[in-house]
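Below: one structure, written as structure tokens.
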Amino acid sequence: MKVLICGAGIAGLTLAWWLRRGGAEVTIVEKAAGPRSDGYMIDFFGSGYDVAERMGVLGELREIAADIVELVYTDPRGRRAGGLRYASARAVLGGRVLSLMRGGLESVLRSCLDSGVEIRYGTSVAAVRDVPGGVECELTDGTVSRAGLLVGADGIHSAVRGLVFGPEERYLRPLGYHTASYLLRDTGLAEEVGRRAVLVSVPDRQVGIYPTRDGALAAFLVHACPETALPADPRAEIAARYPGMGELAGRVLSHCPQDPYYDCVAQIRMPRWSRGRVVLLGDAAHAVSLMAGQGASMAMGGAYTLAVELLGADTEAALERYERRMRPFALGKQESGRTAAGWMVPHQAWKIAVRNRLSGLAELPGGGAVMGRAFRRLSESVIPAA
């Protein structure tokens, strides 16, 4: 089987690993000029953790995991308003959780790829035509590639989805927020933050700062915004949206680069994920949004599921079974994301206060059992037990 994957992110790299292991010929095209190191800090558990364990890369992931001991909510004056010890969260998940930079996870997945997988950076898919037994793709570098299957693993703004399934606006469902992230280095701020993840919250806005394994800090910003159109100058937009959030937030914002990652918070909802010999994977098919979390975990779970099906049956039947297995799981995560949005970055001060108090539930008598049930639902895996 010859497979062309568009997108060298978590979904595409994971799929390539499993397909090569099964003997497939795999090429990846990626529009970025080279490997990316940006992205959010993620809590990595559930399906992704299970797949990483089967790939034998948990050791490498533990080496790059951030050593965060506590999540702390503060008000703009720096006063503690709530929090959760990571040890409590890890305990209810049986220790099967890691805090990783998304770019770090991609790096580990890329490093374990078979040398036979070609990754062509600075290249994407420009046109797709059906041909007997597969597809013919015109690439943006002027070449033509034929494959038995084209996989769109190119994210929430998927080029493959646009070419084969139609305009993005048919499927993009904004949740009413914009988000930004970037890495920064500030020795004094790093000492103040220590091994904590600190979130400063006011109605409709939140600034987060997380320590990374190499001493840098990861900034994570979210604010309410009903528009899907992105600003021409994200840095100026951030400066206008986040004033008056206190000293710590101000120091984080002072390091905002000229070109931070910036996007609207949205989900992708589609009636089907495949058409002929083209299939969508990960955020391209079913982005759950950062409000639900687990986008990376879902990407790896979906990639593993798709690979297992492709290596076990004819392509058309495999695509049907992949979607049948993954769709209920993805829909459930999307529903969780829509529910969580109003609590992750509340519109009202009273909701912030309630959220902050509930964050410490696991520390109270009996709270661990309640949190355990909630975390187990969150960590439900699409991957069957080995």
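Of note:
- Screening the chain for whole DSSP H helices with an alpha carbon extent of at least 20 angstrom along the helix axis and a mean Kyte-Doolittle hydropathy of at least 0.5 yields 295-310.
- For W350 and R77, the difference between the fully extended length at 0.36 nm per residue and the C-alpha to C-alpha distance is 96.6 nm.
- Charges were assigned to the Cβ only: +1 to each Lys and Arg, -1 to each Asp and Glu. The resulting dipole of the range 1-140 about its Cα centre is roughly 440 debye.
- For the range 146-243, the C-alpha radius of gyration divided by 2.2 N^0.38 Å, with N the number of residues, is 1.43.
- Using a Gaussian network model of the chain in which every pair of alpha carbons under 10 angstrom is joined by a spring, one finds that among V207, V193, V29 the greatest mean-square fluctuation is at V193.
- Gaussian network model of the chain, springs between alpha carbon atoms under 10 Å - residue of T14, T315, T187 with greatest fluctuation: T187
- When DSSP beta bridges are restricted to pairs lying wholly in the chain, around 70% turn out antiparallel.
- Contact order relative to length of the chain, as percent, for alpha carbon pairs under 8 angstrom and 6 or more apart: 24 percent
- Relative counts (whole %) of C-alpha pair distances in the range 1-101, using bins that are 10 Å wide: 12, 33, 30, 16, 7, 2
- Take the Cβ atoms of A239 and D314, set R0 to 41 Å, and the FRET efficiency comes out at 0.15.
- Over 20 Å [Cα-Cα, the range 215-301], rounded percent: 52 percent
- A full extension of the chain between D259 and T187 corresponds to an added length of 23.7 nm, given 0.36 nm per residue minus the alpha carbon distance.
- Sum of -39500 (n - 2.57) over DSSP H runs of 4+, divided by residues of the chain (222 nm, nearest 500): -11500 deg cm²/dmol
- Each of L175, G39, T74 was placed along the dipole of the range 25-178 (beta-carbon charges, centred on the mean Cα), and the one lying farthest toward the positive end is T74.
- The dipole here belongs to the chain: it is taken about the Cα centre, uses +1 on the Cβ of Lys and Arg and -1 on the Cβ of Asp and Glu, and is about 1100 debye.
- Summing +1 for each Lys or Arg and -1 for each Asp or Glu among the other residues whose beta-carbon sits under 14 angstrom from that of T140 gives -2.
- Efficiency of FRET from Cβ geometry, R327 and D214, R₀ 35 Å, rounded to 0.05: 0.35
- The ratio of the alpha-carbon radius of gyration of the chain to the globular-protein estimate 2.2 N^0.38 Å is 0.98.
- Cβ crowding within 10 Å ranks Y40, Y322 as Y40, Y322, fewest other Cβ atoms first.
- Two-decimal log10 I(q)/I(0) for the range 63-172, as the Debye equation yields it once each C-alpha is a single scatterer, q = 0.09, 0.10, 0.23 Å⁻¹: -0.49, -0.58, -1.28
- Ranked S145, S181, S297, criterion: other C-beta atoms within 10 Å, fewest first: S145, S181, S297
- Applied to the range 157-173, the Karplus parametrisation 6.51 cos²θ - 1.76 cosθ + 1.60 on θ = phi - 60° returns per-residue 3J(HN,Hα) values of 9, 4, 5, 4, 4, x, 5, 9, 10, x, x, 4, 4, 5, 10, 7, 10 Hz, with x for Gly and Pro.
- Computed lengthening from R62 to V144, 0.36 nm per intervening residue step minus Cα-Cα distance: 25.5 nm
- Based on the Kirkwood approach, the hydrodynamic radius assigned to the range 215-368 is 18.6 Å, with every pair of different Cα atoms included.
None of the figures in this text is laboratory data; all of them are computed from the coordinates on show. Bear in mind that the values here come from a model prediction, so they are computed numbers and not experimental data. Cβ: placed from backbone, ideal geometry, glycine included. Neighbour counts: every protein chain shown.
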